[in-house]
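Trainee: If you scroll down you'll find the structure; I have some questions about it.
The values are calculated or read from the model by the stated rules, or taken from the named source; none is laboratory data. Model, not experiment: these values are computed from the prediction. In this analysis, Cβ positions are derived from the backbone assuming ideal geometry, glycine residues included, and neighbour counts consider all displayed protein chains.
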Amino acid sequence: MASPRATARQPPLSGALRERYKDLAAKAAAEMLEDGMRVGLGTGTTVAHLLPAIAERELRGMRYASTSPRTEQAALKLGLKIEDLDQMGGLDIAIDGADQIDPSAWLVKGGGGALTREKIVASAAEVFVVIASEDKSVSQLSPPVPLELIRFGVRCTLAKLADARLRDAVESPDGGLIADYVGAVGDPRELSARLSATPGVIDHGLFGPEMVSVILIAGAHGVQRRAGGKPVG
Ligand code: 5RP
């Protein structure tokens, strides 16, 4: 049976084709990098294509920040040295995947549970680039929307949210509990404000267009570049 999310998306892609599209988008994003840049690296299977694409470019004087231990380990294996975000004095660019992208550049992120760090890194960057296969493009965002919750009083927080479920034994690297909001999304700005205003919610996976500079979506016709709501340069 198709999931509710699948009904809002493009037709499902075969696994191999999806990986090929992720790779195309990742390579296009790697081409945006220049020597000496400070780069934020996202988390997920699309970013897993990005890391070797960056390493292959053999850029000089690069500095990298990571959004997760998983990305950090993979980057280190490729010779991309990760630094503490706070020691970098900001980022020139951050590149990350997304679970859903709507026509106005609202995103749902956090399928991999790294949403809070991903949002911090994206907002620390002058330019935030989203990379995705075309099946991530949806006409309307739908649940689940990932959440990171404070452990203290988590049952009270879940009760306040009403339509939220804890993911079994999933904790962020910062000790937060990962959950999913499973109610209707409706207007993402209204839901974003409601989730942010709920005590116990550390952050949520709705990213507004004002955070997004460029979206690179790869599909049968190559890589399509869409503008977000954050100007480049
Ligand atoms: C991880 C994320 C990912 O960017 C998002 O889940 C997309 O993942 P993938 O590239 O594996 O499809 O937000 O927390």
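Trainee: Could you tell me whether region 189-198 includes any residue that is outside the structural domain of H49 (by TED's automatic domain parsing) and within 16 Å of the ligand (Cβ to nearest atom)? If you could, list the steps in order and put the result at the bottom.
Mentor: Taking region 189-198 and keeping what is outside the structural domain of H49 (by TED's automatic domain parsing), we get 189-198.
After this cut, where a residue has to be within 16 Å of the ligand (Cβ to nearest atom) as well, the list is 192, 195.
Yes, because at least one residue in region 189-198 is outside the structural domain of H49 (by TED's automatic domain parsing) and within 16 Å of the ligand (Cβ to nearest atom).
Trainee: Consider region 144-180. How many of its residues are under 11 Å from T198 (Cβ atoms) and either among the basic types (K, R) or modelled with pLDDT under 95 (or both)?
Mentor: 1
Trainee: Take the conditions more than 8 Å from the ligand (Cβ to nearest atom), surrounded by 23 or more Cβ atoms within 10 Å (Cβ to Cβ) and of a type outside the set (D, E) and apply them to A98. Does it pass? Please lay out each step first, then the result.
Mentor: Values: more than 8 Å from the ligand (Cβ to nearest atom): no; surrounded by 23 or more Cβ atoms within 10 Å (Cβ to Cβ): yes; of a type outside the set (D, E): yes.
Criteria not met by A98.
Trainee: Mind listing just one residue for me: the one in region 167-224 that is assigned to a loop (DSSP other than H, G, I, E, B) and of a type in the set (D, E, K, R) and, of those, farthest from S68 (Cα to Cα)? Full working, then the answer.
Mentor: Kept after step one, since they are assigned to a loop (DSSP other than H, G, I, E, B), are these residues of region 167-224: 172-176, 182-187, 197-200, 205, 208, 212-213, 220-221.
Next, only the ones that are of a type in the set (D, E, K, R) stay: 174, 187.
Numbers: D174: 10, D187: 29 Å.
So, considering only residues that are assigned to a loop (DSSP other than H, G, I, E, B) and of a type in the set (D, E, K, R), the one farthest from S68 (Cα to Cα) is D187.
Trainee: Among the residues of region 102-114, what is the count of those that are buried (at least 23 other Cβ atoms within 10 Å of the Cβ) and either near the ligand (Cβ under 10 Å from one of its atoms) or without any contact (Cβ under 8 Å) to a residue 60 or more places away in the chain (or both)?
Mentor: The first filter runs over region 102-114 and keeps only residues buried (at least 23 other Cβ atoms within 10 Å of the Cβ), leaving 106-110, 113-114.
The next check asks that each one be either near the ligand (Cβ under 10 Å from one of its atoms) or without any contact (Cβ under 8 Å) to a residue 60 or more places away in the chain (or both); those that pass are 107-110, 113-114.
The qualifying residues number 6.
Trainee: Same structure, new question: Could you tell me which residue of region 115-172 is nearest to the chain's Cα centre (by Cα), considering only residues that are within 11 Å of the ligand (Cβ to nearest atom) and among the acidic types (D, E)?
Mentor: Filtering region 115-172 for residues that are within 11 Å of the ligand (Cβ to nearest atom) and among the acidic types (D, E), the one nearest to the chain's Cα centre (by Cα) comes out as E118.
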